Structures are given as C-alpha cells and as structure tokens.
Amino acid sequence: MSAVAQEIELLSRQRKKELGVKGAATAKNVWQTKSSLLQLLTRFTMDEEPWVDPATGEVLDEARISRNAISSFDLFINWMIAASIPEDLVSPEGTAIDGTGVEAYALYRRPIQPAGRAGKPGKGKENGGSGGIPDPGPRRCADLDARWGKKTATDNHPKEMYFGYEAHFAVDAYPQGTVDAPRVLRSFVLVPASSDRAAAAVAALDIIKKVAAEGYRLSRVYIDRGYSMLKAENVQLPLWQRGLSPVFDLAQNQKTTQPSTHSGTIFIDGGLFSEALPEKLRKLPSPRESGISSEESAKRAKSFDERNDYAYRPHGARDPETGRQRFKGPATAGKLRCPNNAESMRVDYKYETNCAPDTAETKCGCSGTVTVGPEEHARESQWPLFGTTAWLKLYGARNAVESFNADVRTNKLNWRRGYVKTFNRPRTGFLLAISLVALNYWIVRDWAFKRRLQSPWGGEHWDFGPEPKKTRARRTKLITDQPDS
C-alpha cells in the first residue's frame, strides 16, 4: 500500500483529478479506500448484487447491462487480471487448471485449558477432577476464513498439512509446436483450504467467459487427478454442459476393463471398444509413467494407437444438457475389416477381425452406432482416448499451469506465509491478485523481449540493447565419447 501511495504522489495534479484523488495520497488513505471497496464487493451474494451502469455509476433497478460488469469480488479481481493481458493475444483453444496451497498469515491457536478429563473442560486436579487428557478447548484464529488443508508431496516438501487457502489458476495452454504465445493467467479463484475443488474449477471457467476479450474461444480443459478423480456429476457433466472437452491423466484405479450394456463391446480405460480387441492390447503400460524416456513414452503411445483402431468414435456432438453422445463402431468408421460388415471387407485395412457371424441373439461390436450416457464411465471418458499419441501431445499442454505454479511459488514470486500480511479471504485475495497482475505483465514482457518485440500494450518503447552474440554450436562428439586408449 505504501508503494501504491508513492506512485499516486508522482502523478500530475490533472491526472489525480481524473482519478478522483483529492489531497495527498498516504498509505493510510489507500488502505482505507481498499477496505471500503472490498466491503462493498463482498456485501452481496452473486444473486443479490446491484447492477451498476459502468459509464455513469448509476445503480439500476433492473439488469440492463451485460453480466460482464463488475458484480462480485471474484469478478472484480479477475477484471484486474484481464486488464494485464494484451487484447491482441492469440486466443487459445484450451486452458489448464491447477490448484496450490496458500498459507494464511494468521496462526491457528488454541487457548490453554486446565487439565481434566477428556471432554470435560475445567475439571483439573485443582478443581476437584482427576487430571487426565487435557481438553483441547475452543479454537481461535484472527483469520476466520482460513481452514486446514493438505499439501501434496513434491521435491521441495513432503506430504503435510497447512492452514490457509487454496488458489485455483486457469492458464492459457497450447499443445507444443502449435502457437507461439505467452502462457498468461486467465482467471484466479481463492477458496478456503479443503473446499470443493470441482466447484472452484467450474467457477474459474465461468469467470473466464465473463472477463475474457470478445474473441476468446475455449473448447478444451486440461486437468490433473485432483479434479478428474472427483465424481463425474461435479466435474465432467458441468464441463460438457459448457461445451468443453476435458483432457486428463488416469489414476491406477481408473485403468480398468469393464463390461458394457452394448452387445459385443467392453469399456477399457473409459473408452468403448469392440470385443474383437486382442488380449495383448487390453492392458498397456501408461506413456506418462514417471522415470521413462521420451522415446519409451512415444513407443508406448504407439501401442495405444493400435488399440485405438478397435475403439468406438464420436458420431456427432455431445448433448450438453443430458451428457449423452452417439458413437460409431470401428468397422463403420473405416478402421478395420469385419466379416459382419460387407462394406469394410472391400477395403484393405491394417486389421481384420475373426468375428463370428451375427445371430438374432448375439452381434459383434464392430459395426453400427450406440448412444453412451453419463452413467457409463463418464468420469474416465475423454477424446482423444487416454494413452494415444494424439492424447499425449494434448496433455503435454498442462505444463503451462505447472510452470505458472513454479513462477508463483519460487521462480518469480514467493507465495509463502507472510507474503501478504492480512486476514480473511477478500483482503488476501485482493493483494494476491495484484501480484498476479504483475506476474502476467512479467511473463508477457519476458516473452516479447526474448523475441525482440515491442510492447504489446503499446505506449512505451522498449530498448533491447545490442544483439546477443551467437554461441558456437555444440560439438557433435564429446570427450567422453572417444574410445578408451
């Protein structure tokens, strides 16, 4: 706040007048203004908020303006973040979502109580009790919004508990080799730790649609197991209702083979396959297994590509209301030859099944179309299918949010306890949002400097200095490659 006050004092008198600043700007004045703003923004729920004309500031009796107007605290801080993104930035097809723990500045304390029987406070020996287990007593904390949460183990810290909040980020994600653009933050949602992660992720996506530029188009969402292992009605169905396709990795307990209600078919890893699928292709090692080389990952993905020729393919868009979608068999889709499909036998495909002739009771699962509903393994359902080369290239785009998390935690910012010294969710979220605005600017600036491009926001002229010297190409052979004498 002191830095903000100092910047305001550097402005001209006319500029201060335009901003509505009267008199000297002090840290106290700035803090009081911020507190009043947050109090107004958090006064109403989303459904109770008043509508304000952005041009005149008039409070409207009815909503005569777009929902894109500032209507809540979460929207307000995300409008701040959206203002840091250049308007002509290429719109990505997908966004990657992830969460990270934010420790509260306040400490979680419990008052000291006289020792007594468990569950009976005040019954210590000095009060006629028999002593025993001390009663924990009531908890107290200056930050009433913070809660206990659990951090996933990483290289920097073990699996542990923390007290505070969870920040959910939605970052632009582009599959490698498609678009050269900075990976900027699009939306930020701060919730108490251990809150509903699915609701926070869906809220982050809804906020993007409200604050993003008019040309922004989103069709795909990259999520990790922290979201994909939740119930389908909380994650998959809300994404489908918004016209979004999820891309995610499968946990070990999701990689299963299950029977299907459709004749001649089975579900494997969430995909619908013909029972003609060879046994050797039914259980395959994941191309995302930790510790394997990129060559081994690509080799494993080719095995999934072979299995993919036996899979049912989307035959039309998914119904956003019901979550139902039509799929066509592999022989109908022209991916393999089946004796029960005469048209497929006229073409020389790579694979040919030895299915028995269809009867009135049994039919092979290579042809025709079926409708798959959300009750049929919706939690594992995705397209492209898990493990294939197409899926592997898409899922690699999730590195965008992982890199952003690293920038927040260590590389550029330092989101540790004490980074913001304030209490409750609105104040903490507001100050963290300011740092994220700066981080977005930092990311875009570094991306532009590396390519020696001028500021995408216009205005100031960037001086890149002299051209960097070209480094010598690496030798094709190293000393260690020479044979031993």
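Each label point was placed 7 Å from the Cα along the Cα-to-Cβ direction; for Val90 and Ala213 their separation is 1.3 nm.
Among the listed pairs Lys280/Lys350; Lys335/Lys363; Lys302/Lys350; Lys299/Lys350; Lys151/Lys209, which have their C-alpha atoms separated by more than 22 angstrom in this model? Listed pairs above 22 Å: Lys151/Lys209. Can you compute the FRET efficiency between His461 and Lys17 using 1/(1 + (r/R0)^6), with r the Cβ-Cβ distance and R0 = 35 Å? Round to the nearest 0.05. Rounded to the nearest 0.05, the efficiency is 0.80.
Distance between the modelled labels on Arg242 and Glu306, one decimal in nanometres: 3.9 nm (7 Å Cα→Cβ projection). In this entry, the range 274-314 is assigned a mean projected area of 3.3 nm², taken as a quarter of its C-alpha convex hull surface.
Hey, what's the per residue convex hull volume over the C-alpha atoms of the range 250-304, in cubic angstrom?
So the per-residue hull volume is 77 Å³.
FRET efficiency for the pair Lys412 and Thr261, taken as 1/(1 + (r/R0)^6) with r the Cβ-Cβ distance and R0 = 41 Å, rounds to 0.20. Based on the Cβ-Cβ distance of Ala24 and Leu453, what FRET efficiency does E = 1/(1 + (r/R0)^6) give at R0 = 41 Å, to the nearest 0.05? My answer for the efficiency is 0.55. A crude spin-label estimate for the pair Glu296 and Val179, with each label 7 Å from Cα along the Cβ direction, gives 3.4 nm.
Size of the range 355-404: Rg and Dmax of its alpha carbons, in Å, are 17.7, 57.
Over the range 180-283, the ratio between the Cα radius of gyration and 2.2 N^0.38 Å evaluates to 1.36. Taking every protein chain into account, the accessible area of the range 395-435 amounts to 43 square angstrom per residue (probe 1.4 Å).
What's the long-distance tail for the range 212-336, i.e. % of Cα pairs beyond 19 Å? The share of Cα pairs beyond 19 Å in the range 212-336 comes to 59 percent. Loop-located trypsin sites (Lys or Arg not before Pro) in the range 144-177 (DSSP state not H, G, I, E or B) with no more than 10 neighbouring Cβ atoms inside 10 Å: Lys159.
In terms of its C-alpha gyration tensor, the range 331-453 comes out prolate, because a/c is 1.5 or above and the ratio a/b outweighs b/c. Taking a straight Cα-Cα cut-off under 22 Å and skipping sequence neighbours fewer than 8 places away in the same chain, the lysines within cross-link reach of Lys470 are Lys450. Among the trypsin sites (Lys or Arg not before Pro) in the range 188-236, those placed in a DSSP loop whose Cβ has at most 14 other Cβ atoms within 10 Å are Arg217, Lys231. Leaving out ligands, DNA and RNA, and with a 1.4 Å probe, what % of the accessible surface on the range 142-298 is carbon or sulfur? It is 49 percent, rounded to a whole number. Accessible surface computed residue by residue for the range 282-374, with neighbouring protein chains in place and a 1.4 Å probe, gives 58 Å² per residue. Computed packing ranks the peptides 253-261, 398-406 as 398-406, 253-261, most packed first, by mean other Cβ atoms within 10 Å. Over the range 276-363, all Cα pairs binned in 5 Å intervals from 0 give whole-percent P(r) values of 3, 12, 16, 17, 16, 15, 12, 6, 2, 1, 0, listed from short to long.
The values are calculated or read from the model by the stated rules, or taken from the named source; none is laboratory data. Since this is a predicted model, take the numbers as computed values, not measurements. For neighbour counting, all protein chains shown are included, and Cβ atoms are generated from backbone atoms with ideal geometry for every residue, glycine included. Heads up: the accessible areas ignore ligands, DNA and RNA and are worked out on the full protein's heavy atoms, side chains in. Shrake-Rupley method; radii C 1.70, N 1.55, O 1.52, S 1.80 Å.
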